[in-house]
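Worksheet for the structure shown next.
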Amino acid sequence: MSERTADVIIIGGGVIGASIAYYLTKLGVKPVLLERGDICAGTSGACDKAISMQSKNPGLHLDLALESSAMFPGLGEELGADLDYHRYGGMIAIENERQMAIMEKFVERQKNHGLPVEILSGDEARKRQPAFAPSVIAATYSPADAEVSPLKLTFAFARAARRGGADIRTGAEVRGLLTNAGRVEGVVTQAGEVRAGVVVNAAGVFAPAVGRMAGLELPIKPRRGQIIVTEPMPPMVHGEIWSARYIVAKYNPEMIRSEDPEAADLGVGLAAGQTAEGTLLIGGTREFVGYDTAVTPEATAAVLRHAVSILPFLAKVHVIRTFAGLRPYTPDGMPILGPVDGLEGFVMAAGHEGDGIALAPITGKMLAAYIAGAETDKRLRDLALSRFQQAK
Amino acid sequence: MSKHICRCEEVSEDEIRQAIADGATTVTGVKRRTGACMGLCQGRTCRRLIVGLIAAETGQNPAEIETSSVRPPVRPVTVEALLSPAGDTAGCKGREEDK
């Protein structure tokens, strides 16, 4: 059995693990990244492309997102890759007065937190987004929303990390954790032990399995999101589009029930955007179905029914594929980041649900700085696992 | 310039070999790195060619190389056809148009 020693082990080759690996190499630390399958083979490769500011809850969540957003414009050049990054802005379509009341309050709180966002009348909204249905009574607009290819971003982080000296190993499955007297000492893989004083759990929806190796119960659950892909077409959708129902589904799905009970069960809300290739990505659902990544005709229909009500031109468009990804849900919608009480050297970096792409740069930077000992961001205290353990 | 393997997304043989050199050992791995198989035909033509290239580059047995997952719809179908009740004429029309 091979045995080797590293400074830092990162478990998980999704966008979060790859980002941490990259930012560590920038600080002169050369981590070993262990990925059971392939880079970008899980959640990061089965999501949409939005870097959404408008969907973030005003407070720490939005603050982190804005900071992360500010890191994106120069990132492609820094990583030496085209990331299909654009800041075209985003809009949230409002369909009735009840949603309007909710969105007015939400937008007011976002403005107070420094997000540039406004509510446009239906006609103003259709000037900016001609594809909106006449039934859209108003829409928010924020120039801060952007988009990026999650695939290109994840591979670019991993390749740049490798160039910087990180040892990125795919097909390397972690089967156990080595601990001694409340300290982590490494991991056991199918190919032997790897020893390190720091082990980062960036395993996303599989983070709870890694946590159990350390005797930790992590409140992360897989939440399925189904997405529909259309044929390519000339530009029809400008920037990112969400429905107010998407925001409601994210924070309070029960409120949708009176409008559409099936949509409430599936957590349906519209999130749509057009890729560089011209295809539309139309999401999505929020479903607790364990680790099942199947697509279902019920969800396809529920998502498309809602999508057509906001973007009527879609009725004549061809669907070429459907897919599903599992998002790492946490009870408060915030990721679990940083050190864990009682197990020195074990670092959490998981639970971003649908915000992993948007928050990847800031997560990588904050955690790399913490691990390299450069600085401990005070916010890591609020994002620690201990926030869920205090109630016990 | 090397020939196109994925015609829909215009991905060349060189790009696919580079993806394999980058660590792709499955069709999905090549797909996520290059965009091959992501176009209109969803890999109907190039999936087998990519399996052949992975086998040639890595020495794996072609029969054991994981191909990309097949997801609905089987071929392009309009949104309105998907939303119409089963057997409805709009659904049939959608399928006719695709022939």
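Table for the structure above
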| read-out | value |
| --- | --- |
| Fraction of antiparallel bridges per DSSP, the protein assembly as shown only, in percent to nearest 5 | 70 |
| Proximal charge balance of A:Lys26 [Cβ under 12 Å; K/R count +1, D/E count -1] | +2 |
| Most positive-pole-ward Cα, B:Gly39, A:Val188, A:Pro234, against dipole of the protein assembly as shown from beta carbon charges | A:Val188 |
| For chain A, built as a Gaussian network whose Cα springs stay under 10 Å, the top-fluctuating residue of A:Ala374, A:Ala272, A:Ala81 | A:Ala374 |
| Accessible surface buried upon B-A contact (total; probe 1.4 Å; Å², nearest 100) | 2300 |
| Accessible surface of A:Arg257 - all protein chains present, 1.4 Å probe, nearest 10 Å² | 90 |
| Charge sum, other residues only, whose C-beta stays under 9 Å from A:Glu353's C-beta, Lys/Arg counted +1 and Asp/Glu -1 | +3 |
| The range A:305-362, relative contact order [Cα under 8 Å, separation at least 6], % | 27 |
| Cα point-scatterer Debye curve for chain A, base-10 log of I(q)/I(0) at q = 0.07, 0.14 Å⁻¹ | -0.31, -1.19 |
| In order through the range A:68-81: 3J(HN,Hα) via Karplus (6.51 cos²θ - 1.76 cosθ + 1.60), integer Hz, x for Gly, Pro | 5, 4, 5, 7, 6, x, x, 5, x, 5, 4, 8, x, 8 |
| With all protein chains modelled, accessible area of A:Glu185 [1.4 Å, Å²] | 70 |
| Exposure of A:Met255 as accessible area (Å², to 10), given a probe of 1.4 Å and all protein chains | 60 |
| Karplus 3J(HN,Hα) series, Hz, for the range A:137-142 with 6.51 cos²θ - 1.76 cosθ + 1.60 (x for Gly, Pro) | 7, 6, 8, 7, 9, 9 |
| Helix-only mean residue ellipticity at 222 nm for chain A, each DSSP H run of n ≥ 4 adding -39500 (n - 2.57), per residue, nearest 500 | -9500 deg cm²/dmol |
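The values are calculated or read from the model by the stated rules, or taken from the named source; none is laboratory data. As the structure is a prediction and not an experimental result, all values here were calculated from the model. A quick note on method: Cβ atoms are made from the backbone with ideal geometry, for glycine too, and the neighbour counts reach across all protein chains shown. Accessible surface areas use protein heavy atoms only, side chains included; no ligands, DNA or RNA. Shrake-Rupley method; radii C 1.70, N 1.55, O 1.52, S 1.80 Å.
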